[in-house]
1. Using the alpha-carbon atoms, what tilt in degrees (0 to 90, nearest 10) does helix 13-24 show relative to the longest principal axis of the chain?
2. What whole-number value in Å² describes the accessible area per residue of the chain for a 1.4 Å probe?
3. Determine ³J(HN,Hα), in whole Hz, for all residues of the range 61-69 in sequence, where each value follows from phi through the Karplus function 6.51 cos²θ - 1.76 cosθ + 1.60 and θ = phi - 60°; x replaces Gly and Pro.
4. If I take R0 = 35 Å and measure r between the Cβ atoms of H149 and K77 in this structure, what FRET efficiency does the formula 1/(1 + (r/R0)^6) give, to the nearest 0.05?
5. Could you bin all the Cα-Cα distances of the chain into 10 Å bins starting at 0 and give me the percent of pairs in each, rounded to whole numbers?
6. Label point 7 Å out from K322 along Cα-to-Cβ: which residues of the range 158-179 have amide N under 20 Å?
7. Taking N as the number of residues in the range 245-360, what value does Rg over Cα atoms divided by 2.2 N^0.38 Å take?
8. Using a simple spin-label model with points 7 Å from Cα along the Cα→Cβ vector, what separation in nm is obtained for I230 and D352?
Amino acid sequence: MTDYDIIVVGAGPIGSTYAYKMAKQGYNVGLFDMKNRIGQPLQCAGLVSTNICDTKNLPKECIDNEVKGANLYAPDKTSIQVEKDKTVAYVLDRVMYDKYLFDRAINEGVTPHLGERVLDVDIENTVIKSIENKYSSNIIVVSSGPTCHTSKKMNPNIEDKHFMGLQYTVRTENQDTNYVNLSIKQPLLPGFLWEIPTSPFTKRVGLFTNGSYKESEQILKMQIKPTDTIIEKHNGLIPRYNPNKKIVENNTILLGDAAGQVKPTTGGGLISGFNCAEIASINTNKMLEEQDNTYLLNYQEEYRKRYANEFKAQQNVQNIIKDMTEDDFNYMFKQLKKYDVDRIISQYGDMDNQTPLLKQLVKTGTIFKLVPKIGVRRLKNIWKSR
Ligand SMILES: Cc1cc2nc3c(=O)[nH]c(=O)nc-3n(C[C@H](O)[C@H](O)[C@H](O)COP(=O)(O)OP(=O)(O)OC[C@H]3O[C@@H](n4cnc5c(N)ncnc54)[C@H](O)[C@@H]3O)c2cc1C
(Lines give C-alpha, C1' and ligand atoms only; values in the text may rest on other atoms or scores of the structure.)
Protein backbone atom coordinates (compact mmCIF):
# COMPACT_ATOMS: atom_id res chain seq x y z
CA MET A 1 0.00 0.00 0.00
CA THR A 2 1.49 3.37 -1.01
CA ASP A 3 0.93 6.75 0.68
CA TYR A 4 -0.18 8.35 -2.58
CA ASP A 5 -1.03 7.37 -6.15
CA ILE A 6 1.19 10.24 -7.26
CA ILE A 7 3.75 12.40 -5.50
CA VAL A 8 4.58 15.77 -7.08
CA VAL A 9 7.82 17.42 -5.94
CA GLY A 10 7.62 21.20 -6.46
CA ALA A 11 4.48 23.34 -6.36
CA GLY A 12 5.55 25.85 -9.01
CA PRO A 13 3.07 26.60 -11.79
CA ILE A 14 3.79 23.38 -13.68
CA GLY A 15 3.75 20.98 -10.72
CA SER A 16 0.53 22.52 -9.35
CA THR A 17 -1.12 22.32 -12.77
CA TYR A 18 -0.19 18.66 -13.19
CA ALA A 19 -1.33 17.84 -9.62
CA TYR A 20 -4.69 19.53 -10.28
CA LYS A 21 -5.23 17.57 -13.50
CA MET A 22 -4.58 14.25 -11.77
CA ALA A 23 -6.72 15.00 -8.69
CA LYS A 24 -9.53 15.95 -11.08
CA GLN A 25 -9.34 12.41 -12.46
CA GLY A 26 -9.79 11.00 -8.96
CA TYR A 27 -6.19 10.24 -8.00
CA ASN A 28 -4.75 10.65 -4.52
CA VAL A 29 -1.97 13.25 -5.04
CA GLY A 30 0.59 14.61 -2.55
CA LEU A 31 2.16 17.97 -3.55
CA PHE A 32 5.43 18.89 -1.82
CA ASP A 33 7.19 22.25 -1.74
CA MET A 34 10.05 23.44 0.43
CA LYS A 35 8.51 26.93 0.51
CA ASN A 36 5.79 28.02 2.87
CA ARG A 37 4.69 30.89 0.61
CA ILE A 38 3.98 29.68 -2.89
CA GLY A 39 5.16 31.94 -5.73
CA GLN A 40 7.52 34.01 -3.64
CA PRO A 41 9.98 35.48 -4.32
CA LEU A 42 9.03 36.50 -7.86
CA GLN A 43 11.45 34.99 -10.39
CA CYS A 44 9.74 35.72 -13.68
CA ALA A 45 9.03 38.49 -16.18
CA GLY A 46 5.50 37.11 -16.46
CA LEU A 47 5.17 37.57 -20.21
CA VAL A 48 3.18 34.87 -22.02
CA SER A 49 1.68 34.81 -25.49
CA THR A 50 -2.08 34.60 -25.88
CA ASN A 51 -1.51 30.92 -26.77
CA ILE A 52 -1.80 30.42 -23.02
CA CYS A 53 -5.58 30.59 -23.54
CA ASP A 54 -5.35 27.16 -25.24
CA THR A 55 -4.16 25.68 -21.94
CA LYS A 56 -7.36 26.91 -20.19
CA ASN A 57 -5.11 27.82 -17.30
CA LEU A 58 -5.39 31.60 -16.88
CA PRO A 59 -7.98 33.52 -14.87
CA LYS A 60 -8.38 37.21 -15.83
CA GLU A 61 -7.52 38.46 -12.33
CA CYS A 62 -3.92 37.26 -12.75
CA ILE A 63 -3.36 39.52 -15.79
CA ASP A 64 -1.62 42.84 -15.02
CA ASN A 65 -1.45 44.11 -18.59
CA GLU A 66 -2.00 43.17 -22.24
CA VAL A 67 0.50 44.05 -24.98
CA LYS A 68 0.11 44.10 -28.74
CA GLY A 69 3.72 44.25 -29.86
CA ALA A 70 7.36 44.97 -29.19
CA ASN A 71 9.96 47.65 -29.89
CA LEU A 72 13.25 45.97 -30.76
CA TYR A 73 16.45 47.98 -30.29
CA ALA A 74 19.87 47.43 -31.83
CA PRO A 75 22.92 48.44 -29.75
CA ASP A 76 23.07 51.83 -31.57
CA LYS A 77 19.34 52.33 -30.75
CA THR A 78 18.13 51.74 -34.31
CA SER A 79 14.70 50.33 -33.65
CA ILE A 80 11.84 48.52 -35.31
CA GLN A 81 8.32 48.05 -34.04
CA VAL A 82 6.49 44.77 -34.57
CA GLU A 83 2.85 44.49 -33.68
CA LYS A 84 -0.48 42.92 -34.42
CA ASP A 85 -3.84 44.68 -34.32
CA LYS A 86 -4.85 42.66 -31.26
CA THR A 87 -3.35 41.54 -27.95
CA VAL A 88 -0.37 39.22 -28.55
CA ALA A 89 0.76 38.68 -24.97
CA TYR A 90 -0.31 38.98 -21.37
CA VAL A 91 1.79 40.30 -18.53
CA LEU A 92 1.01 38.21 -15.47
CA ASP A 93 1.07 38.82 -11.76
CA ARG A 94 3.23 35.72 -11.34
CA VAL A 95 3.00 35.63 -7.53
CA MET A 96 -0.79 35.70 -7.63
CA TYR A 97 -0.80 33.24 -10.53
CA ASP A 98 1.35 30.60 -8.79
CA LYS A 99 -0.88 30.89 -5.72
CA TYR A 100 -4.02 30.55 -7.86
CA LEU A 101 -2.69 27.36 -9.52
CA PHE A 102 -1.66 25.91 -6.15
CA ASP A 103 -5.04 26.71 -4.50
CA ARG A 104 -6.89 25.23 -7.47
CA ALA A 105 -5.01 21.95 -6.97
CA ILE A 106 -5.73 21.89 -3.22
CA ASN A 107 -9.42 22.66 -3.82
CA GLU A 108 -9.51 19.65 -6.13
CA GLY A 109 -8.35 17.40 -3.28
CA VAL A 110 -4.54 17.42 -3.61
CA THR A 111 -2.80 17.03 -0.20
CA PRO A 112 -0.35 19.91 0.41
CA HIS A 113 3.02 19.45 2.12
CA LEU A 114 4.32 23.01 2.37
CA GLY A 115 7.63 23.79 4.03
CA GLU A 116 8.70 20.19 3.39
CA ARG A 117 11.91 20.00 1.39
CA VAL A 118 12.39 16.73 -0.49
CA LEU A 119 15.94 15.59 0.19
CA ASP A 120 15.99 12.53 -2.00
CA VAL A 121 13.93 10.88 -4.72
CA ASP A 122 14.54 7.13 -4.66
CA ILE A 123 13.90 6.32 -8.32
CA GLU A 124 14.30 2.58 -7.83
CA ASN A 125 11.64 2.25 -5.11
CA THR A 126 9.39 5.24 -5.99
CA VAL A 127 9.88 6.77 -2.56
CA ILE A 128 10.76 10.31 -1.47
CA LYS A 129 12.53 11.35 1.71
CA SER A 130 12.06 14.66 3.49
CA ILE A 131 13.82 15.62 6.74
CA GLU A 132 11.34 13.80 8.94
CA ASN A 133 9.41 11.41 6.71
CA LYS A 134 9.41 8.93 3.87
CA TYR A 135 6.49 8.72 1.42
CA SER A 136 5.80 6.11 -1.26
CA SER A 137 3.68 6.33 -4.41
CA ASN A 138 3.08 4.67 -7.78
CA ILE A 139 4.49 7.62 -9.69
CA ILE A 140 6.79 10.49 -8.73
CA VAL A 141 6.64 13.66 -10.81
CA VAL A 142 9.60 15.95 -10.15
CA SER A 143 8.82 19.57 -11.06
CA SER A 144 11.26 21.20 -8.68
CA GLY A 145 12.58 23.82 -11.09
CA PRO A 146 15.92 24.50 -12.75
CA THR A 147 18.25 23.04 -10.11
CA CYS A 148 17.00 19.51 -9.77
CA HIS A 149 18.89 16.68 -8.05
CA THR A 150 16.72 14.01 -9.66
CA SER A 151 17.68 15.30 -13.09
CA LYS A 152 21.35 14.78 -12.14
CA LYS A 153 20.56 11.29 -10.87
CA MET A 154 18.81 10.35 -14.11
CA ASN A 155 21.49 11.97 -16.25
CA PRO A 156 24.83 11.41 -14.52
CA ASN A 157 26.75 12.22 -17.70
CA ILE A 158 24.92 15.41 -18.58
CA GLU A 159 25.69 18.68 -16.85
CA ASP A 160 22.53 20.80 -16.51
CA LYS A 161 23.37 24.25 -17.90
CA HIS A 162 21.54 27.49 -17.16
CA PHE A 163 21.22 31.12 -18.13
CA MET A 164 21.07 33.69 -15.37
CA GLY A 165 18.02 35.96 -15.12
CA LEU A 166 18.16 39.33 -13.31
CA GLN A 167 15.18 41.60 -12.93
CA TYR A 168 14.05 44.78 -11.16
CA THR A 169 10.46 45.82 -10.52
CA VAL A 170 10.48 49.55 -11.15
CA ARG A 171 8.18 52.51 -10.52
CA THR A 172 8.37 54.81 -13.54
CA GLU A 173 6.86 57.83 -15.27
CA ASN A 174 3.71 57.47 -17.32
CA GLN A 175 4.54 54.99 -20.12
CA ASP A 176 2.91 53.35 -23.14
CA THR A 177 1.58 50.01 -21.86
CA ASN A 178 0.99 48.51 -25.33
CA TYR A 179 4.56 47.47 -26.11
CA VAL A 180 7.43 45.62 -24.50
CA ASN A 181 10.94 46.89 -25.25
CA LEU A 182 13.67 44.39 -26.10
CA SER A 183 17.29 45.54 -26.48
CA ILE A 184 20.42 43.83 -27.68
CA LYS A 185 23.70 44.32 -25.81
CA GLN A 186 26.71 42.34 -26.96
CA PRO A 187 27.89 41.14 -23.49
CA LEU A 188 24.50 39.56 -22.83
CA LEU A 189 24.31 37.50 -26.02
CA PRO A 190 22.57 35.21 -26.75
CA GLY A 191 20.39 36.80 -24.05
CA PHE A 192 18.87 40.29 -24.15
CA LEU A 193 17.31 43.05 -22.06
CA TRP A 194 13.57 43.50 -21.54
CA GLU A 195 11.27 46.24 -20.28
CA ILE A 196 7.75 44.99 -19.66
CA PRO A 197 5.05 47.43 -18.58
CA THR A 198 2.85 46.05 -15.82
CA SER A 199 0.78 49.26 -15.47
CA PRO A 200 1.11 52.89 -16.66
CA PHE A 201 3.52 53.53 -13.76
CA THR A 202 5.29 50.21 -13.15
CA LYS A 203 7.44 47.88 -15.21
CA ARG A 204 9.77 44.90 -15.00
CA VAL A 205 13.25 45.61 -16.31
CA GLY A 206 15.38 42.52 -16.67
CA LEU A 207 17.78 40.44 -18.68
CA PHE A 208 18.93 36.92 -19.23
CA THR A 209 22.46 36.01 -20.12
CA ASN A 210 25.33 33.63 -20.13
CA GLY A 211 27.69 36.42 -19.11
CA SER A 212 29.11 37.50 -15.78
CA TYR A 213 26.85 38.64 -12.94
CA LYS A 214 28.82 41.83 -12.33
CA GLU A 215 28.80 43.07 -15.91
CA SER A 216 25.14 42.10 -16.40
CA GLU A 217 24.09 43.92 -13.25
CA GLN A 218 25.92 47.02 -14.50
CA ILE A 219 24.05 46.82 -17.80
CA LEU A 220 20.75 46.41 -15.98
CA LYS A 221 21.42 49.38 -13.70
CA MET A 222 22.18 51.56 -16.74
CA GLN A 223 18.67 50.80 -18.00
CA ILE A 224 17.12 52.47 -14.94
CA LYS A 225 16.36 56.16 -15.53
CA PRO A 226 17.19 58.72 -12.80
CA THR A 227 13.44 59.33 -12.38
CA ASP A 228 12.70 55.57 -11.90
CA THR A 229 12.62 53.87 -8.48
CA ILE A 230 13.60 50.24 -8.01
CA ILE A 231 10.98 48.57 -5.83
CA GLU A 232 12.27 44.98 -5.84
CA LYS A 233 15.21 42.98 -7.18
CA HIS A 234 14.94 39.36 -8.29
CA ASN A 235 17.14 36.77 -9.88
CA GLY A 236 16.78 33.18 -10.99
CA LEU A 237 18.07 30.49 -13.29
CA ILE A 238 16.72 29.54 -16.69
CA PRO A 239 17.52 25.99 -17.85
CA ARG A 240 19.18 25.44 -21.20
CA TYR A 241 17.50 22.86 -23.37
CA ASN A 242 19.40 19.62 -23.90
CA PRO A 243 17.91 17.26 -26.51
CA ASN A 244 19.72 14.27 -24.97
CA LYS A 245 18.36 14.70 -21.48
CA LYS A 246 16.43 11.72 -20.16
CA ILE A 247 13.22 12.70 -18.36
CA VAL A 248 11.82 9.27 -17.43
CA GLU A 249 13.27 6.47 -15.33
CA ASN A 250 11.28 3.63 -13.77
CA ASN A 251 8.17 5.33 -12.34
CA THR A 252 9.69 8.80 -11.98
CA ILE A 253 9.41 11.62 -14.50
CA LEU A 254 10.79 15.16 -14.75
CA LEU A 255 8.43 17.99 -15.71
CA GLY A 256 8.67 21.76 -16.40
CA ASP A 257 11.99 23.52 -15.75
CA ALA A 258 13.32 20.35 -14.08
CA ALA A 259 12.98 18.67 -17.49
CA GLY A 260 14.40 21.70 -19.36
CA GLN A 261 11.07 22.31 -21.11
CA VAL A 262 11.87 25.97 -21.79
CA LYS A 263 12.06 27.94 -25.06
CA PRO A 264 15.76 28.52 -25.74
CA THR A 265 15.53 31.97 -27.37
CA THR A 266 13.38 33.67 -24.72
CA GLY A 267 13.69 31.49 -21.61
CA GLY A 268 9.88 31.27 -21.44
CA GLY A 269 8.77 28.07 -19.73
CA LEU A 270 5.14 28.56 -18.77
CA ILE A 271 3.26 27.56 -21.92
CA SER A 272 5.60 24.72 -22.88
CA GLY A 273 5.49 23.50 -19.26
CA PHE A 274 1.68 23.56 -19.19
CA ASN A 275 1.53 21.67 -22.48
CA CYS A 276 3.96 19.08 -21.11
CA ALA A 277 1.87 18.79 -17.92
CA GLU A 278 -1.05 17.87 -20.17
CA ILE A 279 1.03 15.25 -22.03
CA ALA A 280 2.23 13.89 -18.67
CA SER A 281 -1.30 13.75 -17.22
CA ILE A 282 -2.62 11.74 -20.19
CA ASN A 283 0.22 9.22 -20.04
CA THR A 284 0.40 8.87 -16.25
CA ASN A 285 -3.35 8.30 -16.20
CA LYS A 286 -2.94 5.50 -18.77
CA MET A 287 -0.10 4.02 -16.75
CA LEU A 288 -2.16 3.93 -13.56
CA GLU A 289 -5.26 2.60 -15.32
CA GLU A 290 -3.42 -0.17 -17.13
CA GLN A 291 -0.59 -0.73 -14.61
CA ASP A 292 1.89 -0.39 -17.46
CA ASN A 293 4.77 2.02 -16.97
CA THR A 294 5.81 2.04 -20.64
CA TYR A 295 3.26 4.88 -20.92
CA LEU A 296 5.80 7.06 -19.13
CA LEU A 297 8.16 6.59 -22.08
CA ASN A 298 5.32 7.82 -24.30
CA TYR A 299 5.37 11.03 -22.27
CA GLN A 300 9.05 11.52 -23.12
CA GLU A 301 8.47 10.66 -26.76
CA GLU A 302 5.42 12.89 -27.19
CA TYR A 303 7.21 15.80 -25.54
CA ARG A 304 10.15 15.39 -27.91
CA LYS A 305 7.85 15.07 -30.91
CA ARG A 306 6.10 18.29 -30.01
CA TYR A 307 9.12 20.41 -29.02
CA ALA A 308 12.45 18.94 -30.19
CA ASN A 309 12.43 20.54 -33.66
CA GLU A 310 11.30 23.97 -32.47
CA PHE A 311 13.73 24.05 -29.54
CA LYS A 312 16.62 22.87 -31.71
CA ALA A 313 15.84 25.55 -34.30
CA GLN A 314 15.79 28.18 -31.56
CA GLN A 315 19.13 26.90 -30.26
CA ASN A 316 20.58 27.15 -33.75
CA VAL A 317 19.45 30.79 -33.92
CA GLN A 318 21.13 31.38 -30.57
CA ASN A 319 24.35 29.78 -31.79
CA ILE A 320 24.39 32.20 -34.72
CA ILE A 321 23.55 35.37 -32.79
CA LYS A 322 25.95 34.70 -29.95
CA ASP A 323 28.85 35.21 -32.37
CA MET A 324 27.49 38.44 -33.86
CA THR A 325 29.07 41.79 -33.01
CA GLU A 326 27.27 45.04 -32.15
CA ASP A 327 28.14 46.30 -35.65
CA ASP A 328 26.50 43.21 -37.15
CA PHE A 329 23.30 43.95 -35.21
CA ASN A 330 23.34 47.66 -36.09
CA TYR A 331 23.72 46.71 -39.76
CA MET A 332 21.01 44.06 -39.47
CA PHE A 333 18.49 46.47 -37.94
CA LYS A 334 19.14 49.02 -40.69
CA GLN A 335 18.51 46.28 -43.25
CA LEU A 336 15.33 45.25 -41.38
CA LYS A 337 14.03 48.78 -41.79
CA LYS A 338 15.19 49.07 -45.42
CA TYR A 339 13.45 45.88 -46.52
CA ASP A 340 10.29 46.38 -44.39
CA VAL A 341 11.01 43.19 -42.50
CA ASP A 342 9.04 44.52 -39.53
CA ARG A 343 5.97 43.77 -41.70
CA ILE A 344 7.03 40.11 -42.19
CA ILE A 345 7.85 39.75 -38.49
CA SER A 346 4.50 41.29 -37.53
CA GLN A 347 2.72 38.83 -39.83
CA TYR A 348 4.66 35.60 -39.17
CA GLY A 349 6.20 36.26 -35.75
CA ASP A 350 4.94 34.06 -32.94
CA MET A 351 6.48 34.20 -29.46
CA ASP A 352 6.22 30.43 -29.05
CA ASN A 353 6.96 29.05 -32.53
CA GLN A 354 9.71 30.87 -34.34
CA THR A 355 10.23 28.43 -37.22
CA PRO A 356 7.35 29.82 -39.38
CA LEU A 357 9.03 33.25 -39.36
CA LEU A 358 12.49 31.80 -40.03
CA LYS A 359 11.18 29.73 -42.91
CA GLN A 360 9.47 32.77 -44.40
CA LEU A 361 12.65 34.85 -44.12
CA VAL A 362 14.68 32.12 -45.84
CA LYS A 363 11.99 31.41 -48.47
CA THR A 364 11.85 35.05 -49.53
CA GLY A 365 15.66 35.34 -49.39
CA THR A 366 15.26 38.23 -46.93
CA ILE A 367 17.46 36.65 -44.29
CA PHE A 368 20.53 36.75 -46.56
CA LYS A 369 20.12 40.51 -46.98
CA LEU A 370 20.00 40.90 -43.22
CA VAL A 371 23.03 38.96 -42.13
CA PRO A 372 25.30 38.61 -45.14
CA LYS A 373 28.35 37.60 -43.14
CA ILE A 374 26.76 34.37 -42.01
CA GLY A 375 27.16 31.27 -44.16
CA VAL A 376 24.15 30.45 -46.33
CA ARG A 377 24.21 26.79 -45.31
CA ARG A 378 24.18 27.62 -41.60
CA LEU A 379 21.14 29.79 -42.11
CA LYS A 380 19.29 27.26 -44.22
CA ASN A 381 19.89 24.60 -41.59
CA ILE A 382 18.47 26.75 -38.84
CA TRP A 383 15.38 24.65 -38.16
CA LYS A 384 16.82 21.23 -38.97
CA SER A 385 16.66 19.23 -35.79
CA ARG A 386 19.03 16.33 -35.55
C1 LIG B 1 14.19 36.09 -14.50
C2 LIG B 1 13.25 35.11 -15.14
C3 LIG B 1 12.27 35.57 -16.02
C4 LIG B 1 11.38 34.66 -16.63
N5 LIG B 1 10.41 35.17 -17.45
C6 LIG B 1 9.51 34.32 -18.02
C7 LIG B 1 8.45 34.83 -18.84
O8 LIG B 1 8.33 36.04 -19.04
N9 LIG B 1 7.59 33.93 -19.40
C10 LIG B 1 7.68 32.58 -19.18
O11 LIG B 1 6.88 31.81 -19.75
N12 LIG B 1 8.67 32.09 -18.39
C13 LIG B 1 9.58 32.91 -17.80
N14 LIG B 1 10.56 32.41 -16.99
C15 LIG B 1 10.63 30.95 -16.78
C16 LIG B 1 9.53 30.50 -15.82
O17 LIG B 1 9.57 31.27 -14.64
C18 LIG B 1 9.72 29.01 -15.52
O19 LIG B 1 9.78 28.30 -16.74
C20 LIG B 1 8.61 28.44 -14.64
O21 LIG B 1 8.59 29.04 -13.38
C22 LIG B 1 8.81 26.94 -14.47
O23 LIG B 1 7.87 26.43 -13.57
P24 LIG B 1 8.16 25.08 -12.76
O25 LIG B 1 6.89 24.81 -12.00
O26 LIG B 1 8.71 24.05 -13.66
O27 LIG B 1 9.36 25.43 -11.75
P28 LIG B 1 9.49 26.54 -10.64
O29 LIG B 1 8.62 27.70 -10.91
O30 LIG B 1 10.96 26.78 -10.48
O31 LIG B 1 8.93 25.84 -9.31
C32 LIG B 1 9.66 24.83 -8.67
C33 LIG B 1 9.14 24.67 -7.25
O34 LIG B 1 9.82 23.55 -6.65
C35 LIG B 1 10.16 23.86 -5.33
N36 LIG B 1 11.31 23.01 -4.95
C37 LIG B 1 12.57 23.04 -5.45
N38 LIG B 1 13.34 22.09 -4.88
C39 LIG B 1 12.54 21.43 -3.98
C40 LIG B 1 12.75 20.37 -3.07
N41 LIG B 1 13.93 19.75 -2.97
N42 LIG B 1 11.73 19.98 -2.27
C43 LIG B 1 10.51 20.58 -2.35
N44 LIG B 1 10.27 21.61 -3.21
C45 LIG B 1 11.25 22.02 -4.01
C46 LIG B 1 10.48 25.34 -5.36
O47 LIG B 1 10.31 25.92 -4.07
C48 LIG B 1 9.45 25.87 -6.37
O49 LIG B 1 8.27 26.29 -5.73
C50 LIG B 1 11.48 33.27 -16.37
C51 LIG B 1 12.47 32.80 -15.49
C52 LIG B 1 13.34 33.70 -14.87
C53 LIG B 1 14.40 33.17 -13.94
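1. Orientation of helix 13-24: about 40 degrees from the principal axis.
2. Details: 18090 Å² over 386 residues.
Here the residues of the chain average 47 Å² of exposed surface.
3. Working through the residues one at a time gives 5, 8, 9, 7, 7, 10, 10, 10, x Hz.
4. Working: r = 44 Å, r/R0 = 1.26.
That gives a FRET efficiency of 0.20.
5. 5, 23, 32, 24, 13, 4, 0
6. Residues 158-166 qualify, since their backbone N sits under 20 Å from the label point.
7. On the way: Rg = 18.4 Å, N = 116, 2.2 N^0.38 = 13.4 Å.
Scaled against compact globular proteins, the figure is 1.38.
8. 3.4 nm
The values are calculated or read from the model by the stated rules, or taken from the named source; none is laboratory data. The shown structure was predicted, so the numbers you read here are calculated from the model rather than taken from an experiment. Every residue, glycine among them, receives a Cβ derived from its backbone with ideal geometry; neighbour counts consider all protein chains shown. Ligands, DNA and RNA are stripped out before the accessible areas are found, and what is left, the full protein with its side chains, is counted by its heavy atoms. Shrake-Rupley method; radii C 1.70, N 1.55, O 1.52, S 1.80 Å.
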